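Contents: one structure, followed by commentary.
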Amino acid sequence: MRLRTPLALLGAAVLVLAGPPLLSTGSDAETGTQIPGLRFMVPNTPGGGYDITARTAAKNAEDAGLTHNIEVFNLPGAGGTVGLSRLVSEHGNGKLAMSMGLGVVGAARSNHAPKTLADTTPIARLTEEQDVVVVGKDSPYKTIDELITAWKKDPGKIPVGGGSSPGGPDHLAPMLMAQAAGISPKSVNYIPFDGGGELLASILGNKVGFGVSGVGEYLDQIKAGELRVLAVTGPERVDDLKDAPTLKESGYDVDFTNWRGIVAPPGLSEAERNKLTRLFEELHDSPEWKKSLDQNGWDDAFLTGDEFGAFLDAQDKRVVSVLKELGL
Amino acid sequence: MTTRTGSSPAPDPTPAPAAERRSWLRDHSELGVCVLLLALGVLVLTDALTMDVDITQRGPVGPRTVPIVVGMGLLVIAALLAVDVLRGGRGEAEGGEDIDLSEPADWRTVLLLSGIFLGAAVLIEPVGFPVAGALLFWGAAFALGSRRSDRDPLIAAVLSLITYIVFDKLLGVPLPGGPLMGVL
Amino acid sequence: MNALNSLMDGFGTALTPLNLLWAALGVLLGTAIGVLPGIGPAMAVALLLPVTYGLDPVAAFIMFAGIYYGAMFGGSTTSILLNTPGESAAVVAAMEGNPMAKSGRGAQALAAAAIGHFAGGMIGTILLVALAPTVADLAVDIGAPDYFAIMVLAFIAVTSVLGSSRIRGLASLLIGLTIGLVGLDQMTGQQRLTFGSLQLADGVDVVIVAVGLFAIGEALWVAAHLRRAAAEPIPVGLPWLGRADVKRTWKSWLRGPFIGFPFGAIPAGGAEIPTFLSYVTEKRLSKNKDEWGKGAIEGVAGPESAASASAAGTLVSMLTLGLPTTAVAAVMLAAFQQYGIQPGPLLFEREPELVWGLIASLFVGMVLLLALNLPLAPVWAKLLRIPRPYLYAGIMFFAAVGAYAVGGEVVDLVILLIIGLVGFGMRRYGLPILPAVIGVILGPNAEQQLRRALQISDGSVTGLVNTPFAVTVYAVIVLLLAWPLLKRLVIRGRPRADA
């Protein structure tokens, strides 16, 4: 009888210690683009923008046979800053990548995070998307000029709705607009909404003076005539919205495009870094990814390696200058 | 439910022997709740008042307003509760099926249970979820009086491993597998 | 009429054997995963997204509908049986459901919840078919001042759950409000009570608070006062709702949807506030007031029905406006986009087969949910017969799994334990738990809407009362507050009139 206790203990120990490794799928050969055990971290919640980017990329990479079983997991918090901190702490881990974008650059700055994107290994920029300036169909403003004239007169009376917290893309775009129009960014009455839902309702119901959001988000409402686009924020007109002028051609010097990409932990070896970059290059060339870009209405903006690093750096500087002006 | 002491508003402390004071304190241990509420209120207020707000505020309500209201509320409620306790009011401890209030609280078990939980939390990353989870279950069952050492570890291990499989393998919610991952 | 015809076509789509199978599979998977700790409907739908990759869109969404409702019900199951809500909408179910389960009426509580979900889902979906375009238009008109007015109403309603000692109830509410303050200020991004920790920047999740206060708090409390004498196992009792139960609850089942549906449809609605309001309403209207807190079946039936109807309301905004009003809707929206379908004003014209098939499958899903879960209720309830040490060890174990699995952060476990200790202290000194949880839910919401309303009006206080809706709500509040006074006047007035 006495023997049963040690036996039970032994059995339990074997189960919990040896069980998980034995259950994990055998080691894949690390050949070509295959990176066994690769994981994508998503620094926001399921359903968010980075989540869709990561899950789509993972699925397309698997379908194209580039690598199998990419594990996608969410680590949301503080606009992506929590995920960023975790990524930086995984020094030298060549089997981890994080989907991110302009929002994370802003959040890292506005939250005064100890780690910034300069601490990561840039892998690739994948997609970009312009922002649109939209009003409800019953709004008194018919053109961007009408809107900005009224805005200039009394910035406080024209609340601006955006889907990101201060420091995020939908916050930066109207601030840059204000700067270009000669309005002090500090006097802009910016109201953050979480996610697109409440914001859309507020624009449709004319609760806010105008809204700023990614093009893709409200394409349908615009086509149905519920929303009116006054301008797009990028350097060129958008294919789906040929009638909407850019801010630049309307006389406001703004060039703003939101983007999403992939970064990896710091301290990677040259080989590890090349391998991850290769994977995304192959993904970028795959028909599966092309189809996803098309379906999601994302613009291809592929950029890798040091160029992407330099781009990240420039974006960071821009965010810092805007935030400084706001006193954040 | 009459209280033994403390019904008189001012129990004269001068001749009070230590034992009596201790029993007064035990009867009025709820004052500890007042102290905690007070401390919480001070914490909330300090945090609110030391916040540097240089963003343009529109209207009467800024990022500090609600914390200040809540902090004040905590202070007020701490005072009101103290008055209530000194007047003889008592919060009624929650009863229940498995609860025997006639016995004094068994602090050892509570501490043991909290310690086990904390230990499992700390162990989860170095030794993996299955091990930490099994220790948590077995430890908690042990603390709560189960002494079947020939059965409990096995139950704990199986439960923990199944949970690991469901989350990590079937659902794709990653849990740390333990030190032997990649070795075996 | 047109809608009815389209719906018939939709049933044609949904009732093909294969699609029926997907719906059944969805309900089953949804329930199974919803039961797991820490995994609410949004997570369940997100996790099961890959399962549907191979399917055509219609089949995928039919399965989704099943998963959604199934996961909501699954969340309530653990709430009732183990006092560990899997998601915020299921918190209220624990209030009366768990005491019922403890006293051997677990099967009845689960049955009341299952039928509540069925009734709520059915009525909600009927409202969805009948009112979708109208509700969607109205939803857009509801703005920040209106939300704030509703929050004020909810705060007034909290007073009826404060318990026997007002002071202790308020103390509990304030503790909840304080926890709700933790995190980045949503409007300005200022850190509040985070002590510089980024992990706290998004605040403390309501589910962690609820699981900490309810489950961990109770496990510790039981540990301190465990009946050492051999406890009898919890009796399982009747496996089926008695006639008296049905008599008490049928009105609750029917009332729930009318609270839940509108909240689901409005952009900032969600399911927490309607479940809570339904709970308070049922408590007010109940004839068995002394049973509340000890296991009043109406307190399970009403809120569950409201939760399910709110899910239907969510679909209204999502399908007609492309408005994701909850996390689940956001995930579903993402799923739509995976198939290159953009929900919104044009969806009904572009994809009638998909939309009506989905709506019809909601009805089918509800029937399947009831058919699957009602017979299972007594089986689940037997879970409580396992010996006490294992039961409470299991509760601690699953609470930990839930808190850890979501974010993979050890900090969450430490927070969970701290909140559990708070819950322990609250039990010791008679502070009721519910007001604290309500404080965590309502506080941040109310603050955000208040400040948003004031920002929209550029700081003018009139911005809070400049909509007819808000004014109406405030009028109702005044009436509610003045009611005891009025009643006294009426009673005093009556004899004079008689004379």
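The values are calculated or read from the model by the stated rules, or taken from the named source; none is laboratory data. These figures come from a predicted structure and were not determined experimentally. Here the Cβ positions follow ideal geometry from the backbone for every residue, glycine too, while neighbour counts run over all protein chains shown.
Some points to look at:
- Test: residue in the range A:235-253 that is buried (at least 22 other Cβ atoms within 10 Å of the Cβ), touching a Ser or Thr at 6+ places or on another chain (Cβ under 9 Å) and either outside the structural domain of A:Y50 (by TED's automatic domain parsing) or at positive phi (or both): yes
- Being small (G, A, S) and either more than 25 Å from the chain's Cα centre (by Cα) or at the interface with chain C (Cβ under 7 Å from one of its Cβ atoms) (or both) is a property that does not hold for B:A134.
- Residue within the range A:155-163 that is more than 10 Å from every other protein chain (Cβ to nearest Cβ), assigned to a loop (DSSP other than H, G, I, E, B) and hydrophobic (A, V, I, L, M, F, W, C) present: no
So that you can scan it fast, the table gives a plain yes or no per residue for (1) among the small types (G, A, S); (2) crowded, with 18+ Cβ neighbours inside 10 Å; (3) modelled with pLDDT under 80:
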site	(1), (2), (3)
B:P13	no, no, yes
B:A19	yes, no, yes
B:V35	no, no, no
B:A39	yes, no, no
B:T46	no, no, no
B:E92	no, no, yes
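- Residues of the range A:209-240 satisfying the condition of being under 15 Å from A:I144 (Cα atoms) and of a type outside the set (S, T, N, Q): A:G209, A:F210, A:G211, A:V212, A:L227, A:R228, A:V229, A:L230, A:A231, A:V232, A:G234, A:R237
- Within the range C:235-250, tally of residues that are at pLDDT below 75 and among the aromatic types (F, W, Y): 1
Here is a yes/no grid of residues against (1) out of contact with any helix residue (DSSP H, G or I) (no Cβ under 8 Å at 6 or more places or on another chain); (2) of a type in the set (V, I, T); (3) assigned to a loop (DSSP other than H, G, I, E, B); (4) within 30 Å of A:N189 (Cβ to Cβ):
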residue	(1), (2), (3), (4)
B:A79	no, no, no, no
B:A93	no, no, yes, no
B:S102	yes, no, yes, no
B:A105	no, no, yes, no
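- Cβ-Cβ under 8 Å pairs, at least 6 apart or on other chains, the range A:1-21 side in a helix (DSSP H, G or I), far side of a type in the set (K, R) and surrounded by 14 or more Cβ atoms within 10 Å (Cβ to Cβ): A:A8/B:R151
- Among the residues listed as C:A46, C:A71, the single one being at pLDDT below 75, within 14 Å of chain A (Cβ to nearest Cβ) and part of a helix (DSSP H, G or I): C:A46
- Here the helices (runs of 4 or more DSSP H) wholly within the range C:311-406 that include at least 2 residues being surrounded by fewer than 24 Cβ atoms within 10 Å (Cβ to Cβ) and within 12 Å of another protein chain (Cβ to nearest Cβ) are C:327-338, C:347-350.
- Odd one out for A:R260, checked against (1) at pLDDT 90 or above; (2) over 30 Å from A:G136 (Cα atoms); (3) under 19 Å from the mean Cα position of the chain (by Cα): (2)
- Answer from B:P176, B:P126 - the residue that is under 15 Å from A:L17 (Cα atoms), more than 7 Å from every other protein chain (Cβ to nearest Cβ) and in a helix (DSSP H, G or I): B:P126
- Condition broken by C:F195, with the remaining ones in (1) within 9 Å of another protein chain (Cβ to nearest Cβ); (2) among the aromatic types (F, W, Y); (3) assigned to a helix (DSSP H, G or I) satisfied: (3)
- Among the residues of the range A:74-115, the ones that are more than 13 Å from chain C (Cβ to nearest Cβ) and over 20 Å from A:R55 (Cβ atoms) come to 5 in all.
- Pick from the range C:409-424, criterion crowded, with 21+ Cβ neighbours inside 10 Å and not aliphatic (A, V, I, L, M), ranking: farthest from the chain's Cα centre (by Cα): C:F424
- For the range B:140-158, a tally of residues being surrounded by fewer than 22 Cβ atoms within 10 Å (Cβ to Cβ) and either within 9 Å of chain C (Cβ to nearest Cβ) or in a loop (DSSP other than H, G, I, E, B) (or both) returns 9.
- Matching residues in the range C:433-472 - criterion: being in a loop (DSSP other than H, G, I, E, B), over 20 Å from the mean Cα position of the chain (by Cα) and at the interface with chain B (Cβ under 9 Å from one of its Cβ atoms): C:S457, C:D458, C:G459, C:S460
- Meets criteria (in contact (Cβ under 8 Å) with a residue 40 or more places away in the chain, facing another protein chain (nearest Cβ under 8 Å) and basic (K, R)) for A:K142: no
- Helices (runs of 4 or more DSSP H) contained entirely in the range A:166-281, each with at least 3 residues that are at the interface with another protein chain (Cβ under 9 Å from one of its Cβ atoms): A:195-204, A:219-223
- Take the conditions (1) in a loop (DSSP other than H, G, I, E, B); (2) facing chain C (nearest Cβ under 7 Å); (3) surrounded by fewer than 18 Cβ atoms within 10 Å (Cβ to Cβ); B:L118 misses just one of them, which is (1).
- Wholly enclosed helices (runs of 4 or more DSSP H) of the range A:47-125 bearing at least 1 residues free of Cβ contacts under 8 Å to residues at least 40 places away in the same chain and charged (D, E, K, R): A:49-63
- Of the residues making up the range A:38-73, those that are more than 10 Å from chain C (Cβ to nearest Cβ), over 13 Å from the mean Cα position of the chain (by Cα) and surrounded by 20 or more Cβ atoms within 10 Å (Cβ to Cβ) are A:L38, A:F40, A:A57, A:N60, A:A61, A:L66, A:T67, A:I70.
- Scanning the range A:205-221 for residues being at pLDDT 85 or above, touching a helix residue (DSSP H, G or I) at 6+ places or on another chain (Cβ under 7 Å) and not small (G, A, S) gives a total of 4.
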